[in-house]
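Everything below concerns the one structure shown next.
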Amino acid sequence: METKMLDVHVPLPLAERLDALAFALGLPRDVIIAEAITTWIDQEEHRRLVALRTIAAVNTMVVVEHHRVIDWADSL
């Protein structure tokens, strides 16, 4: 698979945590970072899809005017 080099600045405490985790797991940092980015993007795409489906569902709902609901409730 082709790759692309990305430069990013992260807070030092986060970089230290990454280094410690990479050492503990015996994995290169880029593997951990790629997995984290993949997971984050998957979650964001899912959230966006859910939001779009929700908006579509709302747009298809039939709305009843408030006074008609009151009239119906009074008729009971």
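The values are calculated or read from the model by the stated rules, or taken from the named source; none is laboratory data. Bear in mind that the values here come from a model prediction, so they are computed numbers and not experimental data. Note that we place each Cβ from the backbone using ideal geometry, even for glycine, and neighbour counts take in every protein chain shown. The area values use the complete protein model at the heavy-atom level, side chains included, leaving out ligands, DNA and RNA. Shrake-Rupley method; radii C 1.70, N 1.55, O 1.52, S 1.80 Å.
Some values worked out for this structure:
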read-out: Every residue from the stretch 10-30 that is loosely packed, with under 10 Cβ neighbours inside 10 Å and aliphatic (A, V, I, L, M); value: Leu12, Leu14, Ala24
read-out: Members of the stretch 31-76 found to be at pLDDT 95 or above and either of a type in the set (Lys, Arg) or open to solvent by 100 Å² or more (accessible area, probe 1.4 Å) (or both), listed by number; value: Glu35, Trp40, Glu45, His46, Arg47, Arg48
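Yes/no matrix, rows are residues, columns are (1) within 17 Å of the chain's Cα centre (by Cα); (2) of a type outside the set (Gly, Ala, Ser):
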{"position": "Leu14", "(1), (2)": "no, yes"}
{"position": "Ala34", "(1), (2)": "yes, no"}
{"position": "Ile37", "(1), (2)": "yes, yes"}
{"position": "Arg53", "(1), (2)": "yes, yes"}
{"position": "Met61", "(1), (2)": "no, yes"}
{"position": "Ser75", "(1), (2)": "no, no"}
